[in-house]
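Heads up: the structure comes next, in structure tokens.
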Amino acid sequence: MKGDFTRSTFRRANHFSGVLMQQGRVQLDSDWNEQGDITAYRAGTTVLDTIGESGAPVHDAGFAIVASAADLPDEDKNRPENQTPPAVKPADLLVSGGRFYVHGELAENEHICLLSDQPDLPAGLPRVRLSNKTDVALPPPKGSYLVYLDVWQRHITALEAPPIREVALGGPDTATRTKTVWQVKLLQVPAQTA
């Protein structure tokens, strides 16, 4: 763990719905963090129960994979996040802007982007990531591919995001953050299943 935490106390089986602070008591990070975990668990469970394993809002569905912005449905072309598509490089694809839920996690793409230039790819890699964690340049090896959206939470410290330091106190890192990270990946499938 990259942070300095006293302990992690959230347990789903406890069925706690909130943490209540009491006056005159010691404040610990574990209590505040457990409240955050309770809230996140509740929100994620609600999404899974209403949307299912994956889905997108009708009015702002994102992550359409297209060869050209002209291939987007008219309602998607008119949304602000898809107004300025980048020039498509040979053998590259576009990932439309919008929202999509994967296993209860909200992924947001603020701007239409190239598959090879999506946010949070390892630095300096104009590549796509295959499901086996191999980064390959576009075009990928010849074959058939399933394109999928991978979403996870990443722990962020002040070393990675300096603006979270508290400048009013001289710059200490008072808290860390979690960040929702998404990547569109390719899974090579055998030709007979394509």
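All of the numbers you see were taken from the coordinates with simple rules; none came from a lab. Keep in mind it's a predicted model, so treat the numbers as computed, not measured. Please note: Cβ atoms are built from the backbone with ideal geometry, for glycine as well, and neighbour counts cover all protein chains shown.
List of remarks:
- Cα gyration tensor, the chain - rounded (a/c under 1.5), prolate or oblate: prolate
- Computed extension length for LYS89-TRP32: 15.9 nm, one decimal, from 0.36 nm per residue of separation with the Cα-Cα distance subtracted.
- Under 19 Å from the PHE5 label point (7 Å along Cα→beta-carbon), backbone N, region 84-122: 105-106
- Considering only TRP32, TRP152, TRP182, the Gaussian network model of the chain with Cα springs below 10 Å gives its largest mean-square fluctuation to TRP32.
- The stretch between HIS111 and ASN78, if pulled fully straight at 0.36 nm per residue, gains 10.6 nm over its current Cα-Cα span.
- Each residue of region 28-36 was assigned a 3J(HN,Hα) from its phi angle through the Karplus expression (A = 6.51, B = -1.76, C = 1.60, θ = phi - 60°), giving 10, 4, 4, 5, 5, 5, 5, 4, x Hz with x at Gly and Pro.
- Mean-square fluctuations from a GNM of the chain, with a 10 angstrom spring cutoff on Cα atoms, peak among ARG12, ARG25, ARG154 at ARG25.
- Theoretical ellipticity at 222 nm over the chain - DSSP helices of four or more residues, -39500 (n - 2.57) apiece, nearest 500: -4000 deg cm²/dmol
- Here's how it looks for VAL102: its modeled amide H is under 5 Å from those of ALA107, which are all 5 or more places away or on a different chain.
- A Förster distance of 45 Å, applied to the separation of the beta-carbon atoms of SER68 and ARG12, puts the FRET efficiency at 0.50.
- Reachable lysines from LYS2, criterion Cα separation under 22 angstrom, eight or more residues apart if same chain: LYS179
- Sequence-ordered 3J(HN,Hα) estimates for region 63-75 from the Karplus curve with 6.51, -1.76 and 1.60 and θ = phi - 60° stand at 6, 6, 9, 9, 7, 8, 4, 5, 7, 6, x, 3, 5 Hz, glycine and proline given as x.
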